[in-house]
Amino acid sequence: ATRALRAAAKDDRIAGVFLTGDLSPADFGSGYAALRELRTALEEFRGAGKPVQAYLTQATTRTYYVASAADNLALDPYGMILMPGLASQPMFFAGLFEKYGVNVQVTRVGKYKSAVETFTRRDMSPENREEVTQLLGDIWRELLADIARTRRLEPAGIQEVVDREGLIRAQPALEGKLVDRVAYRDEVYDDLKTRTGRAGSKEPFRQVALDQYAKQLKDGGAETGRKAAAKGRIALVYAEGEIVDGEGQIGEIGGSELSRTLRRLRQDPNVKAVVLRVNSPGGSASASEVIQREVRLIREVKPLIVSMGSYAASGGYWISAPADRIFAESSTITGSIGVFGLQFDVQRLAADFGVSFDTVKTGRFADALTITRPKTPEEMAVLQRMVDWIYGEFVAKVAEGRKLTPEQVEAIAQGRVWSGREALARGLVDEIGGLEAAVAHAAKRAGLGDNPRVTEYPRQKEFIEALQEIIERRLPGAARSARGPLGDLAGRLHSDLRSLRSFNDPAGIYARLPLGIEIR
């Protein structure tokens, strides 16, 4: 979308941009950092002297944040801006597990490493509350600052409207200068017809959907791409989802799969630089290291630049740390340098159904990873030693990659989550900027000029493959796609419990963000 907008800004056939509809959160790629990149592209479009117009009905914070980049923003008379502030409400399963006889034992390093709390507590720990409070404050200040700049307001003035109204109806939004006018959709469409030479016509205003325009650009750019290929190309690799051991499934980063892709790119002489786009809360520690090994090997032969999206924390930061340069948005959620082990057992649950277990073994710890009984103190000590060792490795790898001392990393580690702006101040990232900035830097490092050929990985799927994935993602139940409070609750339950499937590290050790850091 951002590339298409930048191309449209220079395209004489495109007179302006019209925004309408609503943005829905989807996995890890639609957070505020990703939206800031889209918003920046809209501002650049305006800077080229072309208008951006938006029409809103029921606008969430996400939708209004993007739409506020427009130079003409209209709101339906019976619409509203649903922007009461940011909140994070983690879900806790300790009571559920206790009720049904599922036991959870934890090993961890880092007082802020709160991912385990979802399964072991009924509320937030003081440390978790502290880090989430700061994170939400950092992101909210960035949102207000961006909105205030394009709306020519003061952040304090916007905050006053938000706190007074909560749900901002059309008239208060107009009075607070959050929108430029209140109008019905047909009135806006009539204006657009006039501006595109179809006043009074039964036809819609002249338009092209952004995705169609982007496809046309891609199809029409083949010859340019072949010429650019003569001096090489940049490989843009997307690492989106939770990091899991093995191949991974839809919405996951399989350690084996991604490392294999990176290895092929390292050995391809036509690939002169790699940009790794990371949108991940982390996951399996062993899979993160498998990926990071290939990242380090690429760096030895060609530039590797990381572009952080909405999330690049824990294992997502593990795979990013060795990069030549790390770009993040100010609202990127990153850091979380910490490790935990999560061990479940179902002994009491099984007993409730009359099921019991017995064991024959040839070694003291032969059945240490069983889920049929709780771990013994000695087994927990073994797992804690493993967690301590991996945490030490994590700190050492960050120190090496970021050119910091282990003591400096330790001071900002402990599982603490940081915004991109705070991460920049602490040396965890190098520059505030989006994907385009990362690609431009890679092109410069590789000597590919201002218009390099960029090839994306994984490859674009064929229609049948994409359709199959859509069907598979919809099958788990209609409830999770339902609208309203019950649909929202069902979706959150499905998302959090689905994450249990991704806990597949062979040793049960993870570098992952808390499940509950979902900002609304």
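The values are calculated or read from the model by the stated rules, or taken from the named source; none is laboratory data. The structure presented is a predicted model; accordingly, all values stated were derived computationally and were not measured. As a convention, Cβ positions derive from the backbone with ideal geometry for all residues, glycine included, and neighbour counts pool all protein chains shown. Ligands, DNA and RNA are excluded from the accessible area calculation, which covers all protein heavy atoms including side chains. Shrake-Rupley method; radii C 1.70, N 1.55, O 1.52, S 1.80 Å.
Using r as the Cβ-Cβ distance of Met91 and Glu203, and R0 as 56 Å, what FRET efficiency do you calculate, to the nearest 0.05? Before the final figure, lay out each step's value.
Details: r = 49 Å, r/R0 = 0.87.
E(calc), rounded to 0.05, equals 0.70.
Take the chain, mark every one of the GluC sites (Glu not before Pro) that falls in a DSSP loop and has at most 15 other Cβ within 10 Å, then report the longest stretch left between them, sites excluded.
The longest such stretch corresponds to 1-246.
Taking 41 Å as R0, compute the FRET efficiency from the Cβ-Cβ separation of Glu154 and Lys215 and round it to 0.05.
My answer for the efficiency is 0.50.
Amide H neighbours of Ile253 under 5 Å, counting only residues 5+ apart in sequence or on other chains, H built in-plane at 1.01 Å?
Under 5 Å from the amide H of Ile253 lie the amide H atoms of Glu242, Ile243, Val244, each far enough along the sequence or on another chain.
What residue among Ile509, Val301, Gln343 has its Cα farthest toward the positive end of the dipole of the chain, where the charges are +1 on Lys, Arg and -1 on Asp, Glu, each on the Cβ?
Going by the Cα projections, it comes out as Val301.
Let me make sure I get this right: for segment 97-166, a, b and c are the square roots of the gyration tensor eigenvalues over alpha carbons, sorted descending. Under 1.5 in a/c it's rounded, otherwise prolate if a/b > b/c, else oblate. Which is it?
It is prolate, given that a/c is not under 1.5 and a/b is the larger ratio.
Tell me the chymotrypsin sites (Phe, Trp or Tyr not before Pro) within segment 176-221 that lie in a loop according to DSSP and have at most 15 other beta-carbon atoms within 10 Å. Let's see the in-between values first.
Values: sites: Tyr184, Tyr189, Phe205, Tyr213; in loops: Tyr184, Phe205.
Here the chymotrypsin sites (Phe, Trp or Tyr not before Pro) that fit, given the DSSP loop and packing criteria, are Tyr184.
What aspartates and glutamates sit close enough to Lys177 to cross-link, taking a C-alpha to C-alpha distance under 18 Å and skipping anything fewer than 8 places away on the same chain?
Cα-Cα hits under 18 Å: Asp71, Asp76, Asp146, Glu154, Glu160, Asp163, Glu165.
Rounded if a/c is under 1.5, else prolate if a/b beats b/c, else oblate: with a ≥ b ≥ c from the C-alpha gyration tensor eigenvalues square-rooted, which is segment 1-76?
oblate
Less than 11 Å Cβ to Cβ from Thr150, Lys/Arg counted +1 and Asp/Glu -1: what total charge do the surrounding residues give?
Values: positive: Arg39, Arg46, Arg149, Arg151, Arg152; negative: Glu43, Asp71, Asp146.
Result for the local shell: +2.
If you take the beta carbon distance between Trp389 and Arg13 as r and set R0 to 56 Å, what does 1/(1 + (r/R0)^6) give as a FRET efficiency, to the nearest 0.05?
With a Förster radius of 56 Å, E is 0.40.
Write down the accessible area per residue of the chain in Å², having rolled a 1.4 Å probe over the full set of protein chains.
48
In the neighborhood of Arg263, defined by Cβ-to-Cβ distances under 15 Å, what is the net charge if each Lys or Arg adds +1 and each Asp or Glu adds -1?
+1
How far, in nm, would the chain grow between Phe344 and Asp163 when pulled straight, counting 0.36 nm per residue and subtracting the alpha carbon separation?
60.8 nm
By a straight-distance test (C-alpha under 16 Å), which lysines pair with Lys215 as possible cross-link partners, with residues fewer than eight away in the same chain excluded?
Counting by Cα, and skipping residues close in sequence, Lys215 has these lysines nearby: Lys461.
About the Cα centre of segment 360-417, how large is the charge dipole given +1 on each Lys and Arg Cβ and -1 on each Asp and Glu Cβ? Please answer in debye to the nearest 20.
Value, rounded to 20: 160 debye.
Per residue of segment 205-216, in order, report the coupling 6.51 cos²θ - 1.76 cosθ + 1.60 (Karplus, θ = phi - 60°) as ³J(HN,Hα) in whole Hz, putting x for Gly and Pro.
Per residue, the Karplus-derived 3J(HN,Hα) values read 4, 5, 7, 9, 5, 4, 5, 5, 5, 4, 5, 4 Hz.
Of all beta bridges DSSP finds with both residues in the chain, what is the antiparallel percent, to the nearest 5?
Restricted to the chain, the bridges split so that about 30 percent are antiparallel.
Classify the chain from the C-alpha gyration tensor, please: rounded if a/c falls under 1.5, else prolate or oblate depending on whether a/b exceeds b/c.
Prolate is the answer for the chain, as a/c is 1.5 or above and a/b outweighs b/c.
Using only the alpha-carbon atoms, how far is helix 185-195 inclined from the longest principal axis of the chain? Give it as 0 to 90 degrees, nearest 10.
Taking Cα atoms only, the helix is inclined about 60 degrees.
Under a point spin-label approximation (7 Å from Cα along Cα-to-Cβ), what is the Thr362-Ala145 distance to one decimal in nm?
Each label point lies 7 Å from its Cα, and together they span 6.2 nm.
For Arg264 and Lys403, calculate 0.36 nm times their separation in residues minus their Cα-Cα distance, and state this gained length in nm to one decimal. Spell out each step's value before the answer.
On the way: separation 139, 0.36 × 139 = 50.04 nm, distance 2.77 nm.
The span from Arg264 to Lys403 would gain 47.3 nm if fully extended.
Using just the helices of the chain, give the 222 nm mean residue ellipticity in deg cm²/dmol: DSSP H runs with n ≥ 4 each add -39,500 (n - 2.57), and the total is spread over all residues, rounded to 500.
-14000 deg cm²/dmol
Once you've got the Cα coordinates, tell me which of Lys113/Lys272; Lys113/Lys375; Lys113/Lys444; Lys231/Lys403; Lys50/Lys193; Lys113/Lys403 are over 26 Å apart.
Violating the 26 Å limit, Cα to Cα: Lys113/Lys272; Lys113/Lys444; Lys231/Lys403.
In whole percent, and with a 1.4 Å probe on the protein chains, what portion of the accessible area of the chain is carbon and sulfur? Write down the numbers at each step before the final one.
Details: 13030 of 24770 Å².
Carbon plus sulfur share of accessible area: 53 percent.
Spelling out what I want: for every residue of segment 435-442, take phi, set θ = phi - 60°, compute 6.51 cos²θ - 1.76 cosθ + 1.60 (Karplus), and round to whole Hz; glycine and proline get x.
In residue order, the calculated couplings are 4, 4, 5, 5, 5, 4, 5, 4 Hz.
Students often forget the sequence filter, so: which aspartates and glutamates lie under 20 Å Cα-Cα from Lys202 once same-chain residues fewer than 8 apart are removed?
Excluding near neighbours in sequence, the set is Asp186, Glu187, Asp190, Asp191.
Among Thr150, Gly282, Met124, which residue has its Cα positioned farthest towards the positive end of the charge dipole of the chain, with +1 placed on the Cβ of Lys and Arg, -1 on the Cβ of Asp and Glu, and the dipole taken about the Cα centre?
Looking along the dipole axis, the top candidate is Thr150.
Output wanted: per-residue J couplings in Hz (rounded whole) for segment 412-426, from phi through Karplus 6.51 cos²θ - 1.76 cosθ + 1.60, θ = phi - 60°, x for Gly and Pro.
10, 8, 6, x, 6, 8, 10, 6, x, 5, 5, 5, 4, 5, 9
Return one number: the angle in degrees, 0 to 90 and rounded to the nearest 10, between the long axis of the Cα atoms of helix 255-267 and the longest principal axis of the Cα atoms of the chain.
60
About the Cα centre, and with charges only on the beta carbon of Lys, Arg (+1) and Asp, Glu (-1), how big is the dipole of the chain? Nearest 20 debye, please. Display every interim value, and only then the final one.
Numbers: 73 positive and 69 negative charges, 257 e Å.
Using only the charged Cβ atoms, the result is roughly 1240 debye.
Show the residues, 5+ positions off or on another chain, whose built amide H is closer than 5 Å to the amide H of Glu431.
Answer set, sorted by chain and number: Ile326, Ala328.
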